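The values are calculated or read from the model by the stated rules, or taken from the named source; none is laboratory data. Nothing here was measured: the structure is a model prediction, and the numbers come from that model. Note that we place each Cβ from the backbone using ideal geometry, even for glycine, and neighbour counts take in every protein chain shown.
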Amino acid sequence: MSLPRGMRLLALLTLGLFVYLLVILFRSPSKLDTPTGFPKYQGDFRDPNYEPTGEPPEPLRRVDGDNYAPNNPKSARINATLLSLVRNEEVNDLLQSMRDLERTWNHKFNYPWLFINDKPFSEEFKRKTRAATKAEVRYEIVPEDHWAVPSWINDDLYHESVEILTEQNVQYMGKTSYHQMCRWNSGMFYHLPALQDVRYYWRVEPNVHFFCDVDYDVFAYMQDHNKTYGFTINLYDSPQSVATLWPETEKFIADHPEYLHKNNALDWVTDSATRPEHNLKAGGYSTCHFWSNFEVADMEFWRSPAYEDYFAHLDRAGGFFYERWGDAPVHSIALGLFEDKEKIHWFRDIGYQHIPFFNCPNSPKCKGCKTGVLTDGEPFLYKEDCRPSWFKYAGHG
């Protein structure tokens with residue numbers, strides 16, 4: 001006896017679903033099966049963060065008894081500080097950054113914090129930040145002459161430039177304070193009186209995240225291994241924001257060829273293979289730069305004649321205001337030209353996020369980020385990663 005029509009349809013649907021599940025289960029993986037967030041790079045680049053990540057080479061200095069205790073007058077701490085340019089209203093975002101860095105690293109080593117503002121810090125800011133660390137905390141105000149718009153900047157030209165570049169979607173172009181901050185971070189901060197006797201700094205911005213336990217003294221690593229600069233993230237910049245930065249740099253190099261280091265990273269600075277449109281719009285500059293919201297650095301480099309002369313040249317050219325030259329490309333070009341590229345270190349073991357980008361290594365010491373994922377934003381953001389170019393020309397550091 002035949003089955004009713006409804007039952008026959010149900011049987012057919014069940015059989016079809018079963019066959020579909022078998023196909024899904026046994027079919028060969030396709031490119032569409034790539035895990036969410038896996039880097040969609042051109043060529044055969046595979047993010048080294050997918051490989052197991054350990055600590056950098058010895059020697060590494062570690063906590064031994066009370067050698068890094070906060071009040072130990074003979075502590076093993078070297079001449080260094082944590083550094084943050086921050087406003088009063090950013091205190092809660094800063095506390096997020098402090099809690100992460102204290103939990104993963106500084107509660108062991110107790111390096112001092114130095115907070116800097118262009119206005120006096122509020123008592124609320126001081127109370128909350130002091131409560132977030134056992135280490136020494138200091139508060140400084142940017143000198144007025146450091147923050148002021150230079151006298152040689154033409155106000156009419158500045159406002160005309162703002163209008164033009166705002167139409168080209170150059171972010172923050174209309175904020176004078178942003179231009180002032182970029183200039184100060186590029187060539188003024190290390191002249192702060194409170195930093196005159198300090199050599200190394202770790203820059204920490206509000207609302208960033210640190211994911212990995214770090215069990216060695218990061219500053220001592222820089223000193224012991226003769227490193228000048230440490231980064232986590234390496235990106236392309238907006239070429240419209242730095243259109244004349246490289247032409248001005250070429251003028252400077254023509255006048256001072258003696259400053260070029262024989263083991264420089266010029267190929268990285270001028271690479272045109274991966275993003276040729278960037279190189280073209282930026283006058284020969286790749287726009288690659290170390291994302292300076294995270295940087296661990298030796299201020300002796302910024303205080304060197306090469307960098308001081310370079311910054312003075314750029315400052316007079318006016319691009320911090322007429323364009324939007326940031327401290328990241330300025331620092332990066334200078335490092336790429338005037339420093340030994342072997343002295344620039346990728347801190348692959350330090351898990352870090354500044355929205356929307358990550359550095360997330362493959363390590364059991366890391367929690368809260370996804371291994372190897374560059375961004376949790378749109379997939380097109382993967383093309384902003386310049387690490388493949390850095391690794392090509394300079395290695396992993």
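Out of all the residues in the range 41-53, which are in a loop (DSSP other than H, G, I, E, B), at pLDDT 95 or above and exposed (fewer than 12 other Cβ atoms within 10 Å of the Cβ)?
none
Go through the range 57-89 and report how many residues are assigned to a helix (DSSP H, G or I) and among the charged types (D, E, K, R). Spell out the reasoning first.
Looking only at the range 57-89, we keep the residues that are assigned to a helix (DSSP H, G or I), and these are 88-89.
With among the charged types (D, E, K, R) added as a condition, the list becomes 89.
Summing the residues that are assigned to a helix (DSSP H, G or I) and among the charged types (D, E, K, R) in the range 57-89 gives 1.
So which residues in the range 86-104 are out of contact with any strand residue (DSSP E or B) (no Cβ under 7 Å at 6 or more places or on another chain) and of a type outside the set (S, T, N, Q), if there are any at all?
GLU89, GLU90, VAL91, ASP93, LEU95, MET98, ARG99, GLU102, ARG103
Report, by residue number, each residue of the range 350-365 that is surrounded by fewer than 18 Cβ atoms within 10 Å (Cβ to Cβ) and within 19 Å of GLU51 (Cα to Cα).
ASN362, PRO364, LYS365
Examine the range 124-144 for a residue that is more than 19 Å from VAL214 (Cα to Cα), in contact (Cβ under 8 Å) with a residue 60 or more places away in the chain and out of contact with any Phe, Trp or Tyr (no Cβ under 9 Å at 6 or more places or on another chain), and state whether such a residue exists.
There is no residue in the range 124-144 that is more than 19 Å from VAL214 (Cα to Cα), in contact (Cβ under 8 Å) with a residue 60 or more places away in the chain and out of contact with any Phe, Trp or Tyr (no Cβ under 9 Å at 6 or more places or on another chain).
Checking the conditions here, which among ASP145, ASP156, ASP93 is closer than 24 Å to MET299 by Cβ and surrounded by fewer than 18 Cβ atoms within 10 Å (Cβ to Cβ)?
It is ASP145.
Filter the range 366-397 for residues that are under 24 Å from LYS341 (Cβ atoms) and of a type in the set (A, V, I, L, M, F, W, C) and give the result.
Scanning the range 366-397 gives LEU374, CYS386, TRP390, PHE391, ALA394.
Criterion first (surrounded by fewer than 21 Cβ atoms within 10 Å (Cβ to Cβ) and on the phi < 0 side of the Ramachandran plot) does GLU308 satisfy it?
yes
Considering only residues that are under 15 Å from VAL330 (Cα atoms) and polar (S, T, N, Q), look in the range 277-303 and name the one that is surrounded by the fewest Cβ atoms within 10 Å (Cβ to Cβ).
It comes out as ASN293.
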